[in-house]
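The values are calculated or read from the model by the stated rules, or taken from the named source; none is laboratory data. None of the values given here were measured: they were computed from a predicted structure. In this analysis, Cβ positions are derived from the backbone assuming ideal geometry, glycine residues included, and neighbour counts consider all displayed protein chains. Just so you know, the surface numbers come from the protein's heavy atoms only, side chains and all, with ligands and any DNA or RNA stripped out. Shrake-Rupley method; radii C 1.70, N 1.55, O 1.52, S 1.80 Å.
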Amino acid sequence: MLVLVTYDVQVTSSGGAKRLRKVAKKCEQYGVRVQNSVFECVVDATQLRLLEMDLAAIINPDTDSLRFYRLGNNYENKVRHIGAKEAIEVEKPLIF
(Lines give C-alpha, C1' and ligand atoms only; values in the text may rest on other atoms or scores of the structure.)
Protein backbone atom coordinates (compact mmCIF):
# COMPACT_ATOMS: atom_id res chain seq x y z
CA MET A 1 0.00 0.00 0.00
CA LEU A 2 1.10 3.57 -0.55
CA VAL A 3 1.42 5.63 2.62
CA LEU A 4 2.17 9.34 2.69
CA VAL A 5 4.27 10.21 5.75
CA THR A 6 4.49 13.84 6.80
CA TYR A 7 6.23 15.31 9.80
CA ASP A 8 6.88 18.57 11.56
CA VAL A 9 9.84 18.63 13.94
CA GLN A 10 10.42 21.71 16.07
CA VAL A 11 14.08 22.50 15.31
CA THR A 12 14.29 25.39 17.76
CA SER A 13 13.74 23.06 20.72
CA SER A 14 16.55 21.11 22.37
CA GLY A 15 17.79 18.38 20.02
CA GLY A 16 15.31 19.35 17.30
CA ALA A 17 17.78 19.41 14.41
CA LYS A 18 19.08 15.98 15.39
CA ARG A 19 15.53 14.56 15.63
CA LEU A 20 14.71 16.06 12.23
CA ARG A 21 17.68 14.28 10.62
CA LYS A 22 16.79 11.00 12.34
CA VAL A 23 13.18 11.17 11.15
CA ALA A 24 14.28 11.87 7.57
CA LYS A 25 16.86 9.03 7.62
CA LYS A 26 14.27 6.57 8.93
CA CYS A 27 11.75 7.62 6.26
CA GLU A 28 14.41 7.20 3.56
CA GLN A 29 14.66 3.52 4.58
CA TYR A 30 11.01 3.02 3.63
CA GLY A 31 10.27 5.43 0.80
CA VAL A 32 11.04 8.40 -1.39
CA ARG A 33 11.13 12.06 -0.34
CA VAL A 34 8.66 14.01 -2.50
CA GLN A 35 8.81 17.30 -0.57
CA ASN A 36 10.85 18.60 2.36
CA SER A 37 8.95 16.80 5.12
CA VAL A 38 6.89 14.43 2.99
CA PHE A 39 7.68 10.85 1.96
CA GLU A 40 5.80 8.37 -0.22
CA CYS A 41 6.32 4.85 1.10
CA VAL A 42 5.15 1.58 -0.42
CA VAL A 43 4.85 -0.74 2.57
CA ASP A 44 2.82 -3.64 3.89
CA ALA A 45 0.91 -3.46 7.18
CA THR A 46 3.83 -4.82 9.22
CA GLN A 47 6.33 -2.40 7.71
CA LEU A 48 3.94 0.49 8.33
CA ARG A 49 3.56 -0.45 11.99
CA LEU A 50 7.35 -0.70 12.38
CA LEU A 51 7.81 2.69 10.73
CA GLU A 52 5.18 4.25 12.99
CA MET A 53 6.84 2.83 16.11
CA ASP A 54 10.34 3.83 14.98
CA LEU A 55 9.30 7.40 14.23
CA ALA A 56 7.26 7.71 17.42
CA ALA A 57 10.39 6.73 19.37
CA ILE A 58 12.40 9.53 17.68
CA ILE A 59 10.10 12.53 17.96
CA ASN A 60 9.18 14.61 20.99
CA PRO A 61 5.38 14.30 21.13
CA ASP A 62 5.11 17.58 23.04
CA THR A 63 6.63 19.63 20.18
CA ASP A 64 6.72 17.44 17.03
CA SER A 65 4.05 15.72 14.95
CA LEU A 66 3.69 12.84 12.50
CA ARG A 67 0.88 12.16 10.04
CA PHE A 68 0.32 8.94 8.07
CA TYR A 69 -2.07 8.93 5.11
CA ARG A 70 -2.93 5.44 3.87
CA LEU A 71 -3.67 5.69 0.16
CA GLY A 72 -3.97 1.92 -0.30
CA ASN A 73 -2.93 -0.37 -3.13
CA ASN A 74 -4.82 1.40 -5.93
CA TYR A 75 -3.18 4.75 -5.37
CA GLU A 76 -2.29 5.63 -8.98
CA ASN A 77 -5.55 7.52 -9.48
CA LYS A 78 -5.39 9.16 -6.04
CA VAL A 79 -2.12 11.05 -6.54
CA ARG A 80 -1.89 14.00 -8.90
CA HIS A 81 1.26 16.07 -9.33
CA ILE A 82 1.51 19.63 -10.62
CA GLY A 83 4.60 21.78 -10.51
CA ALA A 84 8.35 21.92 -10.66
CA LYS A 85 9.48 18.62 -9.19
CA GLU A 86 9.20 15.69 -11.51
CA ALA A 87 6.73 13.05 -10.35
CA ILE A 88 8.35 9.86 -9.09
CA GLU A 89 6.93 6.38 -9.51
CA VAL A 90 7.76 5.04 -6.06
CA GLU A 91 7.65 1.36 -7.01
CA LYS A 92 10.05 1.72 -9.95
CA PRO A 93 13.84 1.79 -9.56
CA LEU A 94 15.45 5.20 -9.34
CA ILE A 95 18.18 5.51 -11.98
CA PHE A 96 19.93 8.82 -12.53
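Summary of computed values
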{"quantity": "Per residue accessible area of the chain, 1.4 Å probe, in Å²", "calculated": "71"}
{"quantity": "Per-residue [θ]222 nm for the chain (sum of -39500 (n - 2.57) over DSSP H runs n ≥ 4, rounded to 500)", "calculated": "-9000 deg cm²/dmol"}
{"quantity": "Total charge dipole magnitude, the stretch 25-87, about the Cα centre, Cβ charges on Lys, Arg, Asp, Glu only, Debye to nearest 20", "calculated": "160"}
{"quantity": "Apportionment of accessible area to carbon and sulfur, the chain, percent (1.4 Å)", "calculated": "50"}
{"quantity": "Modelled FRET efficiency - R0 22 Å, residue 47 with residue 77, Cβ distances, 0.05 increments", "calculated": "0.45"}
{"quantity": "Angle between the chain longest axis and helix 45-58 axis [Cα atoms, degrees, rounded to 10]", "calculated": "30"}
{"quantity": "Charge sum, other residues only, whose C-beta stays under 14 Å from residue 58's C-beta, Lys/Arg counted +1 and Asp/Glu -1", "calculated": "0"}
{"quantity": "The chain - percent relative contact order, Cα under 8 Å, separation 6 or more", "calculated": "41"}
